[in-house]
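Have a look at the structure below before the remarks.
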Amino acid sequence: RDEIARLMSKLKDLIPTQPPSLCHGDFWINNLFRQADGRVYVIDPAIHFGLPEADLAMTQMYGFFPEAFYEGYRESHALLPDWKDRLPLYQFKELVLMIAQFAHEESIQKLRELIRRFC
């Protein structure tokens, strides 16, 4: 608990100020559907204005999106050069949720890695 509190106290210094953007809010691989014609549809939105990096962090929680997705995203929305380095910080809430609800072992390991890396 002390390590989690220490990480939480550092978040405002670890995450730079960024303009908000319209975000999906639950943007993970199972909320994308590819149709036979090749078009991809996004479902189950929890739309809000937030940090694009937070939305992108969810895309790497439970299966990865293809690199072409991130290339296309960067074409339409400017990201800070070190955006990928911060993605684990935005996964913090989801990891704690998975641990609290399911004692999810993989999430416990990821949370420990996150604390080691940023604290």
Original post:
What residue, among those in the stretch 50-60 that are open to solvent by less than 10 Å² (accessible area, probe 1.4 Å), within 8 Å of the chain's Cα centre (by Cα) and of a type outside the set (Asp, Glu), is nearest to Tyr90 (Cα to Cα)?
Top reply: Ala57
Original post:
Can you name the residue in the stretch 98-119 that is surrounded by 11 or more Cβ atoms within 10 Å (Cβ to Cβ) and not in a helix (DSSP H, G or I) and, of all such residues, is modelled with the lowest pLDDT?
Top reply: His104
**OP:** For Asp85, work out the one condition from (1) farther than 14 Å from Glu3 by Cα; (2) part of a helix (DSSP H, G or I); (3) more than 16 Å from the chain's Cα centre (by Cα) it doesn't fulfil.
**Re:** (3)
**OP:** Scan the stretch 61-93 residue by residue and report those that are open to solvent by 80 Å² or more (accessible area, probe 1.4 Å) and hydrophobic (A, V, I, L, M, F, W, C).
**Re:** Phe64, Ala78
Original post:
What number of residues within the stretch 29-43 are farther than 16 Å from Met61 by Cα and either among the aromatic types (Phe, Trp, Tyr) or touching a His at 6+ places or on another chain (Cβ under 9 Å) (or both)?
Top reply: 3
Original post:
Given Asp13, Asp44, which one is free of Cβ contacts under 8 Å to residues at least 60 places away in the same chain and on the phi > 0 side of the Ramachandran plot?
Top reply: Asp44
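In the stretch 32-45, what count of residues is obtained for those that are open to solvent by 50 Å² or more (accessible area, probe 1.4 Å) and assigned to a loop (DSSP other than H, G, I, E, B)? Can you show your working first?
To start, the set of residues in the stretch 32-45 that are open to solvent by 50 Å² or more (accessible area, probe 1.4 Å) comprises 33-37, 39-45.
Now restrict to residues that are assigned to a loop (DSSP other than H, G, I, E, B): 35-37, 39, 43-45.
So the answer is 7.
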**OP:** Return the total of residues in the stretch 47-97 being in contact (Cβ under 8 Å) with a residue 24 or more places away in the chain, under 19 Å from Gln109 (Cα atoms) and not small (Gly, Ala, Ser).
**Re:** 15
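The values are calculated or read from the model by the stated rules, or taken from the named source; none is laboratory data. Keep in mind it's a predicted model, so treat the numbers as computed, not measured. Note: ideal-geometry Cβ built from the backbone for every residue, glycine included; neighbour counts use all protein chains shown. Side chains included, ligands, DNA and RNA excluded: accessible areas come from the protein's heavy atoms. Shrake-Rupley method; radii C 1.70, N 1.55, O 1.52, S 1.80 Å.
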